[in-house]
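This report refers to the structure that appears directly beneath it.
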Amino acid sequence: MKYVFNVFGRIIAMERSHGAWTGFQISPEGKRRPVELAVPSDIDHSELAQYLYDVYHEDATPTNGDVFEILPQ
């Protein structure tokens, strides 16, 4: 499963495979590169936004001050 989040203006996709989470930063051109992020395997999809907020909170700015899931269109 793949979930995409806006993390303080940065687009990060989280994928779950074989019980583990893997994160990728998505560039404006759509290129993916792995992010060095250890997400505990017991974190549920519903907890990902808060987890990403907690990890990246120092990246918050006045114009990008939150983490939210980008729903597929």
Open item on the list: Tell me the mean residue ellipticity at 222 nm calculated for the chain from its helices only (DSSP H runs of n ≥ 4, each -39500 (n - 2.57), averaged over every residue, nearest 500).
Closed with: -3500 deg cm²/dmol
Task: GLU47 paired with LYS31, simple spin-label distance in nm, labels 7 Å along Cα-to-beta-carbon - done: 3.4
Open item on the list: Can you work out the Karplus-derived ³J(HN,Hα) for every residue in region 13-22? Use 6.51 cos²θ - 1.76 cosθ + 1.60 with θ = phi - 60°, whole Hz, and x for glycine or proline.
Closed with: 9, 10, 10, 10, 9, 6, x, 10, 9, 10
Task: LEU71, LEU37 arranged by Cβ crowding within 10 Å, fewest neighbours leading - done: LEU71, LEU37
Open item on the list: Please report the projected area of region 2-70's Cα convex hull averaged over all directions, in nm².
Closed with: 4.6
Open item on the list: Using the basic label-point model (7 angstrom from Cα toward the beta carbon), what is the MET1 to ASP59 distance in nanometres?
Closed with: 2.2
Open item on the list: Give me the net charge for the shell around ILE26: Cβ to Cβ below 13 angstrom, other residues only, Lys and Arg +1, Asp and Glu -1.
Closed with: +3
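All of the numbers you see were taken from the coordinates with simple rules; none came from a lab. On a predicted model such as this, the values are computed, not experimentally measured, just so you know. Cβ coordinates were reconstructed from backbone atoms using ideal geometry, including for glycine residues, and neighbour counts include every protein chain displayed.
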